[in-house]
Amino acid sequence: MTNATGLVWLSEDLRLHDNPLIERAANECQELIFCYFVDPSELKRDIYGCQPLGIHRRQFLAESLLIMHDRLKELGQTLNVFLARPIPSIESICSNLPITHVYRSTPVAFNESQSWAQLKSMLPDVNMISVETRCLFSAAEIEFQADSFPATFSKFRRLAERLNVRVPNGEIRSLPPSLSLLAFNFDRLILDPWVLNKQPIARGGEDAALDHLHDYFSSKAANTYKQTRNAFDGWENSSKWSFWLANGTLSVKQAAQALKEFQVVHGENEDNGWLMFELLWREYFQWYARAFNKRVFLVDGLFDQEKRKLRGTFYPQRFKQWCAGNTPYPIVNACMRQLNATGYMSNRGRQIVASALINELGLDWRCGASYFEQQLIDYDPASNWGNWQYIAGVGADPRGGRQFNLKKQTQMYDPNGEFIAKWTDSDENHRLDYTDAADWPIL
């Protein structure tokens, strides 16, 4: 295609390996502009007092963008990182430069889809192209509408297991030249001040993602995965792929292909096979979010008014205690303090603290989902909000919600109290619904 100039709007696709978005843009255009936008609203507090882009994920994102900047620079390109609202910014660029194409990864979450639809309506003369970069399968293979979405994960899995996961694309090694954006007065984001923790639990960026994938399968951890995945602590006890899958520095196809190659050499067993099971859970929620759109973020979820269930409310003091890990439940406190300190919590821990917030504390599940968005390095809107709905009983769980027995969970997964001792003090004694001179009475 001649005389084509493209703008690539990067988001959760910060890699050069297996990136069909960048590959297509490079094949179709003679000049490219690469942009990443941090919307200022992500740094403001929401109705629950949570900041969507918290410090742990902010550092991981900054590291990922710095690596992507260097990788693009090696190919003669520039990564423009702006602290600006993406829609008016892209509209301004397209109005002042001869942009013929705008590329972005296919949106997943409701707000992403709305923004993309708005931008398309604002730029009717520009080719607006979305490319699948986040999933194992394409829309042509597996997309559903809300009225046809499988009622349970098991039904989805049986459909997905009939499909072949395509081999990931290779590394992009050349790109068209860049077009300067220096004339635009958008606020450029200085990333270095976001990198504060010298010893984070995980480093961001494609290089770190590929190193971790290699190291994981160089060990035999995959062959005990199902047995160890519920551990609250321990780097080797779960795959930790979610850090890099969430912001697209690792593609899910790369993870699936590495697993397949490991199984060819070492054999397939129930433990390493469970890794694919977990990737399909992630896949399920990606298509779930697309099918149900706004309903993923509503208090009643997939339920209509006639089937409405009693939901929790918002007790500020209880929520504050849950966030800080100062509840009457030691296992909840340990998990929350781990999250606050590191930006990570195990899958088992997430289920336990979500169940406690909904059932023991009687809180609106959405405040918990918002806090996870703030704190988790591996925050992914589809997985996060979909899983919270699942626990709350307003999503795809046929059992209508999950309540975990906190004492039983502690006995099963921290029988010697080592995890609780690591993150809490033995003489702590927290109660609910207290007041002090600075608080209104809660009850």
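The values are calculated or read from the model by the stated rules, or taken from the named source; none is laboratory data. The structure presented is a predicted model; accordingly, all values stated were derived computationally and were not measured. No Cβ is skipped: glycine too gets one built from the backbone with ideal geometry, and neighbour counts run over all protein chains shown.
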Return the only residue of Gln389, Gln375 being of a type in the set (S, T, N, Q), in contact with a His (Cβ under 7 Å, 6 or more places away or on another chain) and crowded, with 21+ Cβ neighbours inside 10 Å.
Gln375
Filtering region 99-115 down to residues that are hydrophobic (A, V, I, L, M, F, W, C) and buried (at least 20 other Cβ atoms within 10 Å of the Cβ), which residue is nearest to Val296 (Cα to Cα)?
Ala109
Checked against (1) under 29 Å from Leu75 (Cα atoms); (2) part of a helix (DSSP H, G or I); (3) among the hydroxyl-bearing types (Ser, Thr, Tyr), Thr249 satisfies every condition except (2)
Reported set for region 379-400 where residues are of a type in the set (Val, Ile, Thr) and assigned to a helix (DSSP H, G or I) is Ile391
Tell me whether region 80-98 contains one or more residues that are touching a residue at least 60 places away in the same chain (Cβ under 8 Å), surrounded by fewer than 17 Cβ atoms within 10 Å (Cβ to Cβ), under 21 Å from Ser64 (Cβ atoms) and among the aliphatic types (A, V, I, L, M).
yes
Does region 186-196 include one or more residues that are under 25 Å from Glu23 (Cβ atoms), among the charged types (D, E, K, R) and surrounded by 11 or more Cβ atoms within 10 Å (Cβ to Cβ)?
no
So which of Ser180, Ser95 ends up being under 19 Å from Tyr36 (Cβ atoms) and either out of contact with any Pro (no Cβ under 9 Å at 6 or more places or on another chain) or of a type in the set (D, E, K, R) (or both)?
Ser180
Which residues, counting only those in region 47-79, are among the acidic types (Asp, Glu) and either crowded, with 20+ Cβ neighbours inside 10 Å or within 18 Å of Trp244 (Cα to Cα) (or both)?
Glu63, Asp70
Check whether at least one residue in region 349-363 is among the basic types (Lys, Arg), outside the structural domain of Thr152 (by TED's automatic domain parsing), under 30 Å from Leu259 (Cβ atoms) and not in a loop (DSSP other than H, G, I, E, B), and report yes or no.
yes
Pull out all pairs, ordered by first then second residue, where Cβ-Cβ is under 8 Å, the residues are six or more apart or on different chains, the first lies in region 230-258 and is in the same structural domain as His17 (by TED's automatic domain parsing) and more than 20 Å from Val108 (Cα to Cα), and the second is part of a loop (DSSP other than H, G, I, E, B) and modelled with pLDDT under 95.
none
Using the structure shown, decide if Ala221 is touching a helix residue (DSSP H, G or I) at 6+ places or on another chain (Cβ under 9 Å), exposed (fewer than 15 other Cβ atoms within 10 Å of the Cβ) and among the hydrophobic types (A, V, I, L, M, F, W, C).
no
Among helices (runs of 4 or more DSSP H) entirely within region 72-167, at least 3 residues that are in contact with a Phe, Trp or Tyr (Cβ under 8 Å, 6 or more places away or on another chain), outside the structural domain of Ser383 (by TED's automatic domain parsing) and over 27 Å from Gly386 (Cβ atoms) occur in 86-96
Restricting the search to region 379-434, which residues are polar (S, T, N, Q) and over 22 Å from Cys50 (Cβ atoms)?
Gln403, Asn405, Gln409, Thr410, Gln411, Asn416, Thr424, Ser426, Asn429
Filter region 395-409 for residues that are closer than 24 Å to Gln286 by Cα and either modelled with pLDDT of 90 or more or not aliphatic (A, V, I, L, M) (or both) and give the result.
Gly395, Asp397, Pro398, Arg399, Gly400, Gly401, Arg402
Checking Arg45, Arg24 in turn, the sole residue that is modelled with pLDDT of 95 or more and in a loop (DSSP other than H, G, I, E, B) turns out to be Arg45
Looking at region 166-180, which of the residues that are in contact with a helix residue (DSSP H, G or I) (Cβ under 7 Å, 6 or more places away or on another chain) and surrounded by 13 or more Cβ atoms within 10 Å (Cβ to Cβ) is farthest from Gly6 (Cα to Cα)?
Arg166
What single numbered condition from (1) more than 22 Å from Lys240 (Cα to Cα); (2) at pLDDT 95 or above; (3) among the hydrophobic types (A, V, I, L, M, F, W, C) fails to hold for Ala382?
(1)
Out of the residues in region 259-297 that are assigned to a loop (DSSP other than H, G, I, E, B) and free of Cβ contacts under 8 Å to residues at least 12 places away in the same chain, state the one that is nearest to Asn230 (Cα to Cα).
Glu268
Within region 201-229, residues at pLDDT 95 or above and in a loop (DSSP other than H, G, I, E, B) come out as Ile201, Ala202, Arg203, Gly204, Gly205, Ser219, Arg229
Residues of region 99-120 satisfying the condition of being without any contact (Cβ under 8 Å) to a residue 40 or more places away in the chain, of a type in the set (S, T, N, Q) and in contact with a strand residue (DSSP E or B) (Cβ under 9 Å, 6 or more places away or on another chain)
Thr106
